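Notes follow once the structure below has been shown.
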Amino acid sequence: MGILTACLVGLTTDAARAEGTQKDIMTITREAGYQVNEFYRPKASMVIDAKTGRVLWEDNADTQRHIASMSKLMTIFVVLEEMQKGQFDFDTAIDVTEKYVTISQDYNLSNNKMQLGASYSVGELIDLIFVPSSNAATLMLADFVSSDSGARFAKMMNEKAQEIGMTQTVFYNSTGVINFELGSQMPEGADPNGDNISTARDYSLLAYHLLKKYPDMLEHTKNRQITVKEGTPYEESFDSYLYSLPGKTFGYDGFDGLKSGSSSSAGFNYVGTAQKGNMRLIQLIMGVGDWDHQESESERHKFGNALLDLCFNTYEYKQIVSQGEQTINEQHLVVADDLYDIVPKGTQPEAVVKDGRVTVQSSLPLVSDKIEPPQVSYEVVRKQLLQSSDKQAAKSFNLLKIGLIVFLFFTILLLVYELSASKGRRTKKNKPVFLFKCLLLLLLIGGSIIVSMYL
């Protein structure tokens, strides 16, 4: 367990920061009022802000671990992305076949009871994946999207992971079980020992993108109990494995789900989210206890709740810059929109101009370098003034040029007249004067030509 700092590797309470001390997750959880044993210490954890992607807490966040049924969060993300192509929607029905009946009867896997003659909408299958973590429902949906190719769907998962910046993640199948446990349904050509792996950072990033793009998924995850196929012979009810949902053992106000996952290789994990006021957090708890201690399933939520308390109590999502005229970096700007960011409570970070945008000078890192920090566009007021001034100067210069040309024209006429008048009275005495006037006339004519060409 590493020593955790407030901004990068962890987060402490205000009092702890004042004392200059550092606390680990066991201390934080006990101070939150939970009794926890060292045996259940999470192997990795992370909390990020769901709006900005800023990291508020991390511990072993880049250590690869098996993720078990948390894998199904990516399965759903891939399905939702494919749905955007318009070939199916939440109401599209998929028939149960013998293949899925057989899988649903494998009691070593989490499942619902599939029966021949039944069909499930895509929306119902998503419910069955999120809540009872049905492997049969997962394979039904993955097969539907990939034309019955488990290998193709695993490839789609890995491609999506790379696209969004999950650099330490490998998917071998859509369910999260070890490949050989799928028996005949193992993806073709796959490693029998393939066991999906990821990190707390990568899975925080996945949840960030899912909530950004598909926030309505929380309607499928927020209930502590669901019923599918109600009023039909296929009706089933299920309780959520997420014990932080309000009304459950460790119910937390504002917690509205996402996905749990556990196995002999992973221990007990979950990715969750909670909202208070205008602030939503995403949390990852990984590797609590082991498969032989099933109470680990509920113990993991003590740590998660304690970290949520800590982050909600320490940070706030607030307005840093108002829309309109502002002076930033000694530049007078017109800011296009209000700028918000998550900051330690009681602080007012400095706004800066960077890469042509107004952003916040923050010590809180982003969960991935593939996402942008909060930023807004602007216009420089000084440029507008200069443009107006330049137009006025150009207008004045044109008037000056016209005046100069007119002056030269009449001066030349006057000299021509003077030369003509003095031609008849030219004498030896005034000959130098006459020559001077001729030279002056030539200079004025040449000057007029230059003025016309270059001004």
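So the values come out like this:
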| read-out | value |
| --- | --- |
| Residue match in the range 83-93 (condition: closer than 22 Å to Ser260 by Cα and not hydroxyl-bearing (Ser, Thr, Tyr)) | no |
| Flag for Lys72 being out of contact with any helix residue (DSSP H, G or I) (no Cβ under 8 Å at 6 or more places or on another chain) and modelled with pLDDT of 95 or more | no |
| Filter result for the condition that a residue is out of contact with any strand residue (DSSP E or B) (no Cβ under 8 Å at 6 or more places or on another chain), closer than 21 Å to Phe180 by Cβ, surrounded by fewer than 17 Cβ atoms within 10 Å (Cβ to Cβ) and not small (Gly, Ala, Ser), over Gln64, Gln105 | Gln105 |
| Where Asp341 falls short, out of the listed (1) in contact (Cβ under 8 Å) with a residue 12 or more places away in the chain; (2) out of contact with any Pro (no Cβ under 6 Å at 6 or more places or on another chain) | (2) |
| Residue pairs meeting the criteria (Cβ under 9 Å; at least 6 apart or on separate chains; first in the same structural domain as Ile164 (by TED's automatic domain parsing), in the range 201-220; second in a helix (DSSP H, G or I) and of a type in the set (Gly, Ala, Ser)) | Asp202/Ala161; Leu206/Ala161; His220/Gly123 |
| Elements of type strands (runs of 3 or more DSSP E) in the range 36-107, at least 3 residues being over 24 Å from the mean Cα position of the chain (by Cα) and free of Cβ contacts under 8 Å to residues at least 12 places away in the same chain | none |
| So Tyr243, is it surrounded by 20 or more Cβ atoms within 10 Å (Cβ to Cβ), in contact with a His (Cβ under 6 Å, 6 or more places away or on another chain) and in the same structural domain as Arg300 (by TED's automatic domain parsing) | yes |
| Among (1) assigned to a helix (DSSP H, G or I); (2) more than 26 Å from the chain's Cα centre (by Cα); (3) within 30 Å of Gly194 (Cα to Cα) - the single one Gly123 does not satisfy | (2) |
| Flag if Ile342 is assigned to a strand (DSSP E or B), surrounded by 14 or more Cβ atoms within 10 Å (Cβ to Cβ), at pLDDT 90 or above and out of contact with any Lys or Arg (no Cβ under 9 Å at 6 or more places or on another chain) | no |
| Residue within the range 324-333 that is at pLDDT 95 or above, of a type outside the set (A, V, I, L, M) and either assigned by TED's automatic domain parsing to the domain that holds Tyr34 or not in a strand (DSSP E or B) (or both) present | no |
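Quick grid of which residues meet (1) more than 30 Å from Gly117 (Cα to Cα); (2) surrounded by fewer than 20 Cβ atoms within 10 Å (Cβ to Cβ); (3) under 24 Å from the mean Cα position of the chain (by Cα):
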position: Arg152; (1), (2), (3): no, yes, no
position: Met166; (1), (2), (3): yes, no, yes
position: Thr169; (1), (2), (3): yes, no, yes
position: Asn173; (1), (2), (3): no, no, no
position: Glu188; (1), (2), (3): no, yes, no
position: Asp216; (1), (2), (3): no, yes, yes
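One line per residue, one yes/no per condition, for (1) in contact with a Gly (Cβ under 8 Å, 6 or more places away or on another chain); (2) assigned to a helix (DSSP H, G or I); (3) assigned by TED's automatic domain parsing to the domain that holds Lys222:
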{"site": "Pro132", "(1), (2), (3)": "no, no, no"}
{"site": "Lys160", "(1), (2), (3)": "no, yes, yes"}
{"site": "Met166", "(1), (2), (3)": "no, no, yes"}
{"site": "Tyr172", "(1), (2), (3)": "yes, no, yes"}
{"site": "Phe180", "(1), (2), (3)": "no, yes, yes"}
{"site": "Ser184", "(1), (2), (3)": "no, yes, yes"}
{"site": "Asp191", "(1), (2), (3)": "no, no, yes"}
{"site": "Gly194", "(1), (2), (3)": "no, no, yes"}
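The values are calculated or read from the model by the stated rules, or taken from the named source; none is laboratory data. These numbers were taken from a predicted model, which means no experiment stands behind them. Neighbour counts are summed over all protein chains in view; Cβ atoms, including those assigned to glycine, are modelled from backbone coordinates with ideal geometry.
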